[in-house]
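Structure first, commentary second.
Derivation of every value follows stated rules applied to the coordinates shown; laboratory data play no part. Everything numeric in this text was worked out from a predicted model, so none of it was measured. Positions of Cβ are backbone-derived with ideal geometry, glycine not excepted, and every protein chain shown enters the neighbour counts.
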Amino acid sequence: MSDDPVLFGLYVPPHPQPLLAPDQNKGWGELRAAYDECRKRIEESEADVIIVYSTTWPSIVGHQFQVQPEPEWVHVDDDFHFLGSMPYKFRMDSEFGNAYRDAAEARGLHARTVAYHGFPIDTGSVVALSLLNPGNRIPACIVSSNMYANRAETIVLGKAARDALIAQGKKAVIVTVSSLSNRMFTKHVEPEDDRIHSAKDEEWNRKILEFFADGRLEDLSQLSRDIHGQIRVQKVVAYKPAWWMAATMGQHNNYDGEVLAYAALHGSGGAVIQLTPAKGSVGDKEFDEDDVEIYRGDRNVLVTGSGDMQAPGGVDGPLDEAERPASEDEEDEGWRNPVEVIDDLYDEYGSSVISHASGAISAAAGTAIAGPVGGVAASIVAKKTMGKMMSKDGAIVAENAPSAVGAYPHARRMGNLLFISGVGPRSPEDNKIPGGPIEDEDGNPLEYDIEAQTEACIENIRIILEACDAELENIIDVTTFLVDMKRDFEGYNKIYANHFEEIQATRTTLAIQALPTPIAVEMKVIAKAP
């Protein structure tokens, strides 16, 4: 019997289709069969506890552990309520849950247990435990996924799980409940028509599966930030699952990996994967990030006393969160983790005191956010505005979008809405027009590709929305201007449908005489602010 406290790890999807509707889609049935195979392997193992890290149980401040001895309720998923209800009654390892909480606190994390009847257990945990441990033969422990936890915090949370297992002399199967890509369709899709939302999502899902199949868990942990950035996974899922899984199982590549099933789940990517500790490795990872042992708060960026953000990467550049010791002033004044207060500060002061220009925080922000968390909190506020400039009136200029041709910003936020200025197809890199201009410098008509222009126009909108922390799916209204309706409507409409058929925003298309630059199409949108 191995001395490793983790017998093996599973990566499983949170969606209820494999539990409630496995017969309605071939892929859903394959996921269910993979779940069933993993159930058998757990039953045959010598596991003392099943530890579930669920990305569909988000926590805001710190980390929570379910220790109610027998949580019992009936759960209905918010997105897929039409599939039916999921009654459950689980058996929790309260002793281990409390030990995990203590180990997390010992490593500097804010942690607490949950133990009262009726606390709503999330869809992912209900699905995973119902399918993997239906008879409750092995007690479980469910841990939340903190929405704002960074890599250091998540790595430390995983190491605390190993601490608790070793302290109690227990063996565990760990279960990470998460999607691969997680962009779901925004309107109903018949089960037989289910597919991965986009070709880009499919491409990156396959890359992630290759890493898992090769047992390259630490490589996946190191590269997950880049991978998930490409597939635009929302932050509640983000790259935390790979971080936690690697820290809990062991930060190396010595695993036997097996992808038991992979399928679409209402547009998202779901997979059932097993990693088992093994001897040997596919090779050392190509680059490293700091290995954190104790969490001391968010310290990604150092800030001078005046509130100016220091240049990253230099002598005074970023240190890992765990490396910066608390000063005597911080201890005397009761320093708090800025992650726990920054949203309140942002809501209170808003964009009226925040600007991001030349890598510095405005004096207004440094003044308004004072006290023991002043400089660091201000730097976190600045990070919220990376990729854009926010002026005092809420205007937003996206650095990576084509420059405006007048005295106006790319976007403006008002309440919970984003108003995007008219956007054309000009390239942000060289100002050229994809598909060609509609006329030359003398005003003579030229042949052009309306489909290429429309595609580039939508891509520019996406860039601006990303600078506003939003995406195309947030769009609720579109107004399009065409200089030649008869010639171009069909091609424009074709490309538009590729991006907006699932979004179902309202739309108005207008024929106009001309646009300020030699382009054939311009679009302006209204979107929901995140």
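Worth a mention:
- If R0 equals 41 Å, the separation of the Cβ atoms of residue 116 and residue 399 corresponds to a calculated FRET efficiency of about 0.30.
- Spin-label pair residue 440/residue 207, simplified geometry with 7 Å Cα→Cβ offset, distance in nm: 4.2
- For the range 108-123, backbone phi angles converted through the Karplus equation (6.51, -1.76, 1.60; θ = phi - 60°) give residue-by-residue couplings of x, 8, 8, 9, 8, 9, 10, 8, 8, 5, x, 4, x, 7, 6, 4 Hz, Gly and Pro being listed as x.
- For the Cα trace of the range 6-277, dividing Rg by the Kirkwood Rh returns an Rg/Rh value of 0.93.
- Order of 245, 86, 414 under a 10 Å beta carbon neighbour criterion, fewest first: 414, 86, 245
- Remark: for residue pairs 159/207; 207/240; 494/524, the C-alpha separation exceeds 20 Å in 159/207.
- Added length on full extension, which subtracts the Cα-Cα distance from 0.36 nm per residue, residue 70 to residue 43: 7.7 nm
- The phi-based Karplus calculation (6.51 cos²θ - 1.76 cosθ + 1.60; θ = phi - 60°) puts the 3J(HN,Hα) values of the range 416-426 at 9, 10, 10, 9, 9, 4, x, 10, x, x, 4 Hz, whole numbers, x for Gly and Pro.
- Between amide H atoms placed 1.01 Å from N, distances below 5 Å from residue 142 occur with 52, 66, all of them 5 or more places distant or on a separate chain.
- Of 89/170; 432/486; 89/279; 89/187, pairs whose Cα-Cα distance is over 30 Å: 89/279; 89/187
- Of the chymotrypsin sites (Phe, Trp or Tyr not before Pro) in the range 77-144, the ones in a loop by DSSP (not H, G, I, E or B) with at most 15 other beta carbons within 10 Å are 116.
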